[in-house]
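The values are calculated or read from the model by the stated rules, or taken from the named source; none is laboratory data. Computed from a predicted structure; not experimentally measured. Reconstructed Cβ throughout: ideal geometry from the backbone, glycine too, with neighbour counts over all protein chains shown. Remember, those area values only see protein heavy atoms, side chains included, never the ligands or the DNA or RNA. Shrake-Rupley method; radii C 1.70, N 1.55, O 1.52, S 1.80 Å.
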Amino acid sequence: MVHDDYKEMIPARALSALDATEERALNEHLENCSECRKELEDWQATAAALSLTSDPAEPSPQVRERILSEVRKDLSSSENVVPFKKPARNIWSSFGALGAIAAVVAFAALSIGLAVLWRQNQRLARDSEFVEIVNTPGAKVSELKGADPGLSATAKLAYDRTGRAILMASKLPSVPQGKAYQLWFIVGNKPPVPGKTFVPDSGGNAVLKDEMPREAVDANVFAITVEPAGGSSAPTSPIYLRSY
């Protein structure tokens with residue numbers, strides 16, 4: 001096998017999906033390849049991140065329909081019934097007609113799983129940044145809640161004395177196209193200082209990293225409004241979330 005063959009086996013190894021022969025071959029390669037060892041460590045860290053989340057993830061209806069469409073297309077193109085054959089042990093070897101259909105489904109499912117793993121690893125990295133800031137001497141954490149008591153969205157803003165800040169929000173409603181949420185730093189009776197804009201994901205979650213202006217480091221009030229996607233120099237809509 002060439003180097004690329006081993007690299008293709010690494011995600012399956014991280015998911016414990018290799019058979020004994022494949023795992024032994026990959027292990028021998030890893031002894032002499034630092035690049036693949038590093039890549040395996042990254043995939044294993046991603047798999048560990050997934051195990052820390054309690055949120056189940058399922059393929060979207062569009063992805064599921066695309067997989068089924070591929071299966072229907074392959075079935076309709078087969079005029080004769082192909083008898084079942086004993087499957088090969090090596091998952092990288094070629095398959096018959098029905099095996100190809102199974103391979104399409106298996107590959108799509110693995111791709112979905114790996115995409116989920118990647119997102120979870122990104123979330124874990126951001127959580128680590130939040131904790132790092134919180135543990136910095138002199139750092140503070142402020143909680144933002146809905147200005148309307150009926151709102152369930154919340155956010156936490158952690159920042160240190162250098163102005164490094166990270167906001168983690170959840171349960172945010174989606175915003176209209178061309179709009180975004182914007183963070184504001186409010187110091188006394190002075191005009192609000194604008195922060196960056198952000199858009200939550202499909203689950204209503206968002207992470208924003210920002211550098212607070214020096215005059216805002218001592219801010220005692222933070223707020224979030226809905227603004228044009230490019231941001232505003234002054235709030236143009238009512239406060240959606242604010243610190244108390």
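Only one of (1) open to solvent by less than 20 Å² (accessible area, probe 1.4 Å); (2) under 18 Å from the mean Cα position of the chain (by Cα); (3) acidic (Asp, Glu) is not met by ASP210, so which one is it? All conditions pass for ASP210, except number (2). Kindly indicate the residue of segment 146-168 that is touching a residue at least 60 places away in the same chain (Cβ under 8 Å), open to solvent by less than 10 Å² (accessible area, probe 1.4 Å) and outside any loop (DSSP other than H, G, I, E, B) and also farthest from ASN135 (Cα to Cα) among those meeting that condition. Among those that are touching a residue at least 60 places away in the same chain (Cβ under 8 Å), open to solvent by less than 10 Å² (accessible area, probe 1.4 Å) and outside any loop (DSSP other than H, G, I, E, B), it is ALA155. Scanning segment 227-244 for residues that are open to solvent by 50 Å² or more (accessible area, probe 1.4 Å) and in contact (Cβ under 8 Å) with a residue 60 or more places away in the chain, we see that the one that is farthest from LYS145 (Cα to Cα) is PRO238. Counting the residues of segment 190-226 that are touching a residue at least 40 places away in the same chain (Cβ under 8 Å), more than 18 Å from MET168 (Cα to Cα) and touching a strand residue (DSSP E or B) at 6+ places or on another chain (Cβ under 7 Å) gives 3.
For segment 198-233, how many residues meet the condition of being part of a loop (DSSP other than H, G, I, E, B), β-branched (Val, Ile, Thr) and modelled with pLDDT of 90 or more?
First, pick out the residues of segment 198-233 that are part of a loop (DSSP other than H, G, I, E, B): 199-205, 212-213, 217-220, 229-233.
Now drop any that are not β-branched (Val, Ile, Thr), which leaves 199, 217.
Next, from what is left, pick out any that are modelled with pLDDT of 90 or more: 199.
Matching residues across segment 198-233 total 1.
May I ask you to verify whether SER128 is among the hydroxyl-bearing types (Ser, Thr, Tyr), modelled with pLDDT under 90 and open to solvent by less than 60 Å² (accessible area, probe 1.4 Å)? Answer is no for this residue. For segment 174-197, the count of residues that are open to solvent by less than 40 Å² (accessible area, probe 1.4 Å), touching a Gly at 6+ places or on another chain (Cβ under 7 Å), outside any strand (DSSP E or B) and of a type in the set (A, V, I, L, M) is zero.
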